[in-house]
1. Answer yes or no as to whether residue B:312 is within 13 Å of chain A (Cβ to nearest Cβ) and out of contact with any strand residue (DSSP E or B) (no Cβ under 8 Å at 6 or more places or on another chain).
2. Name the pairs: first residue in the range B:273-288 and closer than 14 Å to residue B:445 by Cα, second residue modelled with pLDDT of 90 or more, Cβ to Cβ under 6 Å, at least 6 apart or on different chains?
3. Every residue in the range A:39-61 that is facing chain B (nearest Cβ under 10 Å), without any contact (Cβ under 8 Å) to a residue 12 or more places away in the chain and either surrounded by fewer than 11 Cβ atoms within 10 Å (Cβ to Cβ) or under 24 Å from the mean Cα position of the chain (by Cα) (or both), please.
4. Could you say whether any residue in the range A:189-206 is within 14 Å of chain B (Cβ to nearest Cβ), at pLDDT below 90, out of contact with any strand residue (DSSP E or B) (no Cβ under 6 Å at 6 or more places or on another chain) and more than 30 Å from residue A:288 (Cα to Cα)?
5. Can you pull out the residues in the range A:62-105 that are outside any helix (DSSP H, G or I) and either under 26 Å from the mean Cα position of the chain (by Cα) or at pLDDT 90 or above (or both)?
6. Which numbered condition in (1) part of a helix (DSSP H, G or I); (2) within 37 Å of the chain's Cα centre (by Cα); (3) under 21 Å from residue A:82 (Cα atoms) is the only one that residue B:111 fails?
7. Could you list, in sequence order, the residues of the range B:264-276 that are touching a helix residue (DSSP H, G or I) at 6+ places or on another chain (Cβ under 6 Å) and either more than 13 Å from chain A (Cβ to nearest Cβ) or farther than 12 Å from residue B:218 by Cα (or both)?
8. Does residue B:170 satisfy the criteria of being assigned to a helix (DSSP H, G or I) and within 13 Å of another protein chain (Cβ to nearest Cβ)?
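The values are calculated or read from the model by the stated rules, or taken from the named source; none is laboratory data. Keep in mind that what you see is a predicted model, and the values were worked out from it rather than measured. With ideal geometry, Cβ positions are generated from the backbone for all residues, glycine too; neighbour counts draw on all protein chains shown.
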C-alpha cells in the first residue's frame, strides 16, 4: 500500500474512533448527570452509599490492625467483608430481615448437615457418598421449590437460599465433624463481626427505616391524589378564555399525573411493609405496628386513583356540553371536589402526625352534603332537555331556551361526558369514604 | 412438694405441650397442603426445584470423583457449589443476567483492584493501607449509590453488588499480586465450572424462558380482561328472576375479578421484560425481540382494566334505572360488549399464535358500529324523560307512559348509573382501540 492509499483507511478509523469516543463521553456524561440529579434530590441516598463504604473500611481496618483478630488471617476478613456487602440493604428492615434469615438458615442447615454427616459417617464408606448425595438433592430441591410459595417468598426467600447454600457446602465439603466444627467456629465469629458492624452503622448513622418510608409514601400519595383530583376537575371546568404560561402548565400537568404514582406504588408498598415488620421500635412506631393496615389504605387509594384515571378520559372528550348546562353543575362540582380534596388532605395530615382528627367528621359530612347538592343539580337538569316550545315551567325560560336551541346535536349525547364526569365525581367521593374508613381502622388499632 | 400437688402443674405443662404440638402440626399440615396445591397446579415449579438439586449434585460429584479436579480440593468445590446456588434463578433470562453481571463485575473489579494494589505497593509501606482504604471507601460508596439509579437498578443491580464485593475482597485480602493471580485462577476455574453446569441444566431440562412467560402473561391477561368485561356487563343487565347455583356463581365471580390480575401485573411484566432481554433465541422469539412493546400492551390493558374497575361500582349501585329504560339500551350494550370482547379475544389469539389477524379490522369496525348504535339508543332516550301528558310523539306511547309514571324519583338521577355504565362501556371500547394499536405496533416491529 502506498502512503496515499493508506490515508483514507486511516482517516476512516480515526473518524470511527472519534465517534466511539464521543458516544462514550455522551453516555458517561448522561450517567453522571442522572447521578447528580438523584444525589441533589435525595442526599440520603448518597449517605447510604457512604455508609457502606464506611462499614467495609471499618471491617477491613479491624482485621488489618486489630491485635485480637490477627490470628484469623485473610480468610476471616474475607468472610466478614462478604457478609457486610451481602446483607447491606436500602433500609433497616430489609437488612435485619436478611441478617435474621441468614443466621437462622445457617444454624438450621448447619445442624441438619452435621446430623446427616454423622449418619453417613456411620453407614460405611460405600453408602456415605450415596446418602450425602441423595440428601443434598432432596433438601436443595425442596427448599428451592418452597421459594415459590407466597408466604416463604415474602419473608424467607433469602433464608431458603442460604439454607441450600450452607447445607450443600457442609455436605459437599467432605470434612470430618471435628474439622467442620472448628471451621464453622471461625466462620461464625467473622460473620458475627460483619453483621454487628453493619447493623450498628445502618441503625446509628442516618437510618432509613422501612416503616417510616412506608408511612411517608402513604401520606405523600394521599396528597398527590388530592392534588391530582383538584387539577383534573379544575382542568375540566376551566373557562376557555383563560390562558396559562408554559411553566405553570407543566407544574399543572405534573400535579394531574399524581394519580399514576398511586396506581403504580403497590409493589413498593408491599416490599416496604414486608421489611417494616422486622424493625424494632423507632420514632413513633412500635414493634408490631399494624403495617398491614397501611396496605389496606394503599388499596383504597388505588381504588380512588382508578376512578380519577377514568375521569381524565372525560377531559379529552371532543364532545363538550353546552355552556349553560356546564355552568349549571360547574360550581357544585367544584365545591364537591374541594370538599373531597380537603377530606383527603386532612387524612394525609392525620396520618402524617399520627393524631386523631377532630374535624374529619365535619369534613366528611360536608362532602356528603356536596354530593347531595350535586345530585339535586342533576335533577333540575332534565327540564333543559325539553324543547322550549313544550316548556310549561315558569322562571328562567329565556336562558334555557337559548341553551336548547344553541345545540345542533341531540341533547343526551351532548351532555354524556359531563354527566359521566359528574357521576365519577360522586363515585370518587364514595371511594374517599372507603379511604376514611381504612384510616379510621388504622387509628383504632 | 407432695406428689398430689405436683399433678396439676404437670398436667398444665402437659396440656400446654399438647397445644403447642397441635399448633405445630396444623402449621406444618397447612404448609404442606399449600405446597401440594402449588405443585399440582404448576408441576414446572417442582421440576425447577429438582433441577437445582441435580445441578448441585452434579457439581459436587464432579469434585468428589473427577480425577481432573482432585488437585483443587475442598475449597474449589465450595466455590463451584456457591456459584450454582447463587446464580440459579426462576427463569433462564434472570439466571443469564446474573451470570453476565457476575462475570463482568468480577473482571472489572479484579482489574481495578489489581491496578490499585500495584499503585499502593509502589507508594511505600505507610501509604499502602491509606490508599487501599480510601479507594475501597470511594468505590464501594459510588457503586452502592449507583444502585439507586433506575437504569442500573433494572439491569446491573447484581453486578454492582458483585463489583463492591470483589473489589473489597481483593483490596482487603492483603495478598501480593503473584499470589492474587494464582488465587484468582483457581477461583475462576471453579466458578466457570459452576456457571456452565448451571446454565446447561437450566437451558436443556424443561427451560422456563422469561420471554415465553411474559408472552403467556400478556395473552392470558387479555383473555381475563375479556372474560371480566363480559361477566360485568352480563351481571349488570341480568334479569332479576334468573337464579344461578352457587358453584356457577363462584366461577362467575372469579371471572369478574379478572381485571384485578391485569391491574396488579405491572411489576411482574417489568421484571420478566428485564430478564427476557438477556435471553438468546428460543422458540418463536429471536434475540432482540421487542419486549418493550409488550410493556406498552400491558399498560394499555391496565387502562382498560381501570375502566372496568370503575364499571363494577355501577353494579353495586342501589339506584336502579326503570326497567323500560334498561331494556331500551340493554340489547345494544350487550352487543357492544360482545363485540369488544371478541376484539380482545382475537387480539389474544393473534399474540398467542404470533400471526397477523385477517379479521381484526372487521371486528374493530363492528365494535365501532356498536358504539354508534349505543349512542343512537342514548339519543332516543331523552323523550322518555318527558312526562306523558306533554308527549307529542306518536308510537309506543303506552309503554313510555307506564315507564314514566312508575318512577317516584326525579328521572335523571334514576338513570344516572345506567348512563354512566353505558358511557364507561363506550370508553372501554375506545381504550380497546388503544390495545389494538399497541398490538399492531408489535406486529409491525
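1. Criteria met by residue B:312.
2. Partner pairs satisfying both residue conditions: B:285/B:211.
3. Correct list: A:39, A:42, A:45, A:46, A:49, A:50.
4. yes
5. Of everything in the range A:62-105, those that are outside any helix (DSSP H, G or I) and either under 26 Å from the mean Cα position of the chain (by Cα) or at pLDDT 90 or above (or both) turn out to be A:88, A:89, A:90, A:91.
6. For residue B:111, the failing item is (2).
7. Selection gives B:267, B:272, B:273, B:274, B:275, B:276.
8. yes
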